[in-house]
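A short write-up of the structure that comes next.
A short reminder: the numbers here are calculations on the coordinates, not readings from a lab. This one's a predicted model, so the numbers in the text were calculated from it and none came from an experiment. Note that we place each Cβ from the backbone using ideal geometry, even for glycine, and neighbour counts take in every protein chain shown.
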Amino acid sequence: MFKFWKNLSVVKKLYVVVGGMALLIAIELGTLVFALSTLSSVRAFVGGEGLWSKAQKNAIHSLSSYIFTKEQHYYDDFHKYMQIPLGDRKARLELMKPNPDLNEVRAGFIQGEIHPDDIPGVIRMLQRFGHISYIQRAVVAWTHADEKLKVLIQKAEELRVIFSKNNVDQEQVRKILAEIDVLNEQLTAYETEFSSVLGEGSRWLENILMMLLVLAVITIEGTGLFLTFSFAKGLNRSLLELNHATREIGQGNLGITVPVHSQDELGQLAQSINKMSHDLDVNISQRLLAENANQVKTLFLANMSHEIRTPLGIILGMTDILKDPQVSDEEKRKYLDVMESTGHNLARLINDILDITKVEAGHLEVEFTGVHMDAFIEELNSMMHVKALKTGSMLRFEVLASVRNLVIATDRNRLKQILVNLINNALKFTHDGTVQVTVGAIHDEMFFEVSDTGIGIPLEQQGKLFQNFFQVDASSTRQYEGTGLGLVLSKKLAKSLGGDVILKRSAPGEGSVFRLTIPQREIAKAEKPAVKTPQEVEAMTEQLRGLDVLVVDDSEDNQVLIEHYLKKRGVLCEFANDGTVALQKTVDKEFDVILMDMQMPRMDGYQATRELRERGYKGPIVALTAHAMKEDRERCINVGCNDYLTKPIESEKLYETLIHLTQVQTQRNTLAKAK
């Protein structure tokens, strides 16, 4: 509650103080009104008892006069006076029912000559406080008195019968008169008890109401003083602190901090002053960092330009050489191998940049599957062995017994990407030396240590290794190429797998040891992935022969490349330069598969795919795009594509996708015919 009060806005605190006082005053007034109305009801109840008692005495007096004079009007007066207690009796009996008729109750009290304005209060009092002992005792006395009145009426009737006879039995008259005197004494006792009990109850109620009024006054005054004092104290303290802080900031002390006691306007102002002071301090510091950041950016752009232009220059130069008719077939093969290797390096560079972007944007996808470590390490060894031969270094793998035949759950491609980066770095900085990859497990963690006998890393540079675009040698005369993305990407990828990459040790001239760790999430059973032979691959792609494919792409170069891949496997091809032409061709002919470029003039692939689906086209559509982010794939699938391929297109991936889609389509057609 105290925390809630502190965090209220200043305006709301004022509302609470004023509103609380108003509420308490209203409660006090309500208590006073309740006290007055209750005491007024008691007064009316006591007044009704007085009328009841007076009527009873007058009735007995009239009955006595009737006995001595034998005159009828005295007997009539007796019954007239008796109507008052009889009316009260009728009201009492009705109120004792579970669901009383209040109109009957009012009629009874009016007959008892209670003032109409007092009747509602008397009814409320009897209903609300009927369980209180004082009221219960008064009602009991009232009930007993009503029973005696009933006997009195019977005696009066007996006298009337006696006096109606010619011979009056005086002895009987005297006997009845004595009984009437006894009844009068009993009624007087009940009336006295009724008045005494109500008097006690009135004094008790008066004390209770007085205590309530005193308590209400004390509560109002105490609460008002507390709220006012608390609000004034907090306001004064905050204003003094804010005044002191602004004076210090004005004098240049940016390290000053204003205490934040609440979340109201004063607390928010304190937070704003603290933020302003911190921002000023940071901005002054950032002025010095800005120049350094610009230098890093300039160096990175220069490095990236070099890293991209170098392979492009090689590819373009080799292309120009291949145009020379004097170049022999052997030389052409050598140049083509260089172009292929350079193209792969360029693609890897672009992929690294994209992966860094994905990681920092939180869009990196990891897919955990069962990875058979023996097969994985064998594949990695085969792939990196060729690179090791080119560098003249020896590459060795040491697999400890703890991981043999082990199957773990991880992302195979990301794990391979990390290890390829680490091994490439080791080979790049090692000449005529040894690079060793040690694989083992400790407890629930797997580790991969990549050690080399290369140039090593100076101690002062080791703390910066995992920073974006950092290179040990960033000069224009540096010997080793690279973007500075490999290590930082490897570390981020390892984090996404639940592990880490660290530099275990390094020294100039003694080499380096990098250690990758990932969680050892075991899978009970998993088959070792089978490696397809060239004959098996040839048999699979044989399924594509005779397939009719529409290639929709505005690039003639892409059309030539895709046509080469497809015709090599006996696939029939037709081409469309944009979505509009593609729609027209699907009207004239039914194709087995459509390869749809997503970015084209006039009508792009998204709109063309959407219209094809709206027209009822059921065949497979594969998106072709250079956009390789997760949201790009989702967008293609959402408009109606069955699958997604990124550019540059890999022939194996293209073949696998076409085989899979044609198999699925064949199964669907078979099921449709069966139905």
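Things worth noting here:
- Charge context of residue 600, other residues only, Cβ under 10 angstrom, K/R +1, D/E -1: -4
- Candidate aspartates and glutamates - alpha carbon under 17 Å from residue 491, same-chain residues fewer than 8 apart omitted: 352, 355, 360, 365, 411, 445, 449, 500
- A simple spin-label model places pseudo-atoms 7 Å from Cα toward Cβ; at residue 230 and residue 169 they are separated by 8.5 nm.
- Cα point-scatterer Debye curve for region 2-230, base-10 log of I(q)/I(0) at q = 0.14, 0.17, 0.18 Å⁻¹: -0.91, -1.13, -1.21
- The value of relative contact order for region 2-230, using C-alpha pairs under 8 Å at least six residues apart, is 28 percent.
- Of the GluC sites (Glu not before Pro) in region 364-434, the ones in a loop by DSSP (not H, G, I, E or B) with at most 12 other beta carbons within 10 Å are 365, 367.
- About its Cα centre, the dipole of region 48-166 is roughly 280 debye, where the only charges are +1 on Lys and Arg Cβ and -1 on Asp and Glu Cβ.
- Separation of the residue 178 and residue 394 label points, Cα + 7 Å toward Cβ, nm: 14.6
- Checking the cross-link pairs 390/416; 568/589; 332/585; 390/567; 332/589; 492/568 against a 31 Å limit on the alpha carbon distance flags 332/585; 390/567; 332/589; 492/568 as lying beyond it.
- Cross-link pairs 57/80; 323/387; 80/175; 334/653 - those with Cα-Cα distance over 21 Å: 323/387; 80/175; 334/653
- For a straight C-alpha distance cut-off of 17 angstrom, the aspartates and glutamates reachable from residue 155 (same-chain residues fewer than eight places away being disregarded) are 71, 76, 77, 146, 147, 169, 171, 179, 181, 185.
- Each residue in 320, 643 was given a count of other beta-carbon atoms within 10 angstrom of its own, and listing them fewest first yields 320, 643.
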